[in-house]
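A.B. asks: Sharing a structure below in structure tokens format, with a few things to ask.
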Amino acid sequence: VPGVSQTSLCEGDNLTLSATITNAVPPYTYQWTGPNSYSSNTASPTISNITLSQAGTYSLVITDSCGSTSIIQSTPNVTVIAKTTPIFTFGTSDAICSGDTVPILPTTSANGYTGIWNPTVIDNTQSGNYIFTSNPGQCATNTSLSVTINANITPTFNPIAPICAGDTSVFLPTSSLE
């Protein structure tokens, strides 16, 4: 029975097929066939970046040097799982000012994917992009988060005319010129 590196793998992974030969006379010829018009004549072909349309059963015909012996084998059904995007429910407000407290980047998404962020902590002094990469063995895409850090602004006001002692005080403005 031919072997496969996995019978269930993620979209974009590599699938390696391999032949097992018993009771035959070398040299051999190999003919692999499979879904989506797949064909190969090598003993252990690899399908790089497998797609959903390449899921299914792969078959192998091995012919020995006598030409009269054909060994027909097929793999278990190969399942290709579509990658899912990790979802994060935390957020950054539209206005994060330099020096403000920023959210901690969670290592588990709302839909259950675990992984790491790069960089691992949001820098509260400059804007940047943060990439979440799921741990191996999970069929998840990378996710990015763009964080904008706004520069602090010093408010300015129109000058107030001089006030003499005992005069009625003026109300200070509640909005700056900005």
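The values are calculated or read from the model by the stated rules, or taken from the named source; none is laboratory data. Note that the coordinates shown come from a computational prediction; the quantities given were computed from them, not determined experimentally. For neighbour counting, all protein chains shown are included, and Cβ atoms are generated from backbone atoms with ideal geometry for every residue, glycine included. To get the accessible areas, we keep the full protein, side chains included, count just its heavy atoms, and leave off ligands, DNA and RNA. Shrake-Rupley method; radii C 1.70, N 1.55, O 1.52, S 1.80 Å.
A.B. asks: What percent do you get for the relative contact order of region 17-62 when only Cα pairs under 8 Å and 6+ apart count?
C.D. replies: Relative contact order for region 17-62 comes out at 45 percent.
A.B. asks: Compute the distance in nm between two label points, each set 7 Å from the Cα along the Cα-to-Cβ direction, one at residue 31 and one at residue 116.
C.D. replies: 4.8 nm
A.B. asks: Which three extents, in angstrom, do the Cα atoms of region 57-153 have along their principal axes, listed largest first?
C.D. replies: If we take the Cα atoms of region 57-153, the spans are 85, 24, 16 Å.
A.B. asks: What accessible surface, in Å², does a 1.4 Å probe find on residue 116, ignoring ligands, DNA and RNA and rounding to the nearest 10?
C.D. replies: Residue 116 has an accessible surface of roughly 110 Å² with all protein chains in place.
A.B. asks: Just to be sure I understand: with springs between alpha-carbon atoms less than 10 Å apart, which residue in 86, 76, 136 has the highest mean-square fluctuation in the Gaussian network model of the chain?
C.D. replies: Evaluated over the chain, the most mobile residue of the options is 136.
A.B. asks: Then there's this: How large is ³J(HN,Hα), in whole Hz, for each residue of region 160-168 in order, when computed from phi with the Karplus curve 6.51 cos²θ - 1.76 cosθ + 1.60 and θ = phi - 60°, using x for Gly and Pro?
C.D. replies: Ordered by residue, 3J(HN,Hα) equals 9, 4, x, 10, 7, 4, x, 5, 5 Hz.
A.B. asks: Loop only per DSSP, at most 13 neighbouring Cβ atoms within 10 Å: give me the chymotrypsin sites (Phe, Trp or Tyr not before Pro) in region 122-172, ordered by residue number.
C.D. replies: Those satisfying the criteria are 157, 171.
A.B. asks: To continue, here is another question. Give the long-range amide H neighbours of residue 149: residues separated by 5 or more places, or on another chain, with amide H under 5 Å away, using H modelled in the peptide plane at 1.01 Å from N.
C.D. replies: Here the answer is 127, 128, since their amide H atoms fall under 5 Å of that of residue 149.
A.B. asks: Can you tell which of 124, 77, 23 shows the greatest fluctuation in a Gaussian network model of the chain with Cα springs below 10 Å?
C.D. replies: 23
A.B. asks: Further, regarding this structure: Can you pull out the cysteines in the chain that have no other Cys Cβ under 4.7 Å?
C.D. replies: 66, 97, 164
A.B. asks: Ratio of alpha-carbon Rg to the 2.2 N^0.38 Å globular estimate for the chain, to two decimals, please.
C.D. replies: 2.01
A.B. asks: Let me ask something additional. Who wins for biggest fluctuation among 37, 18, 127 in a Gaussian network model of the chain, springs between alpha carbons below 10 Å?
C.D. replies: Of 37, 18, 127, the Gaussian network model singles out 37 as fluctuating most.
A.B. asks: When the accessible area of the chain is computed with all protein chains present and a 1.4 Å probe, what percentage of it is carbon and sulfur?
C.D. replies: Taking all protein chains in place, the chain shows 53 percent carbon and sulfur surface.
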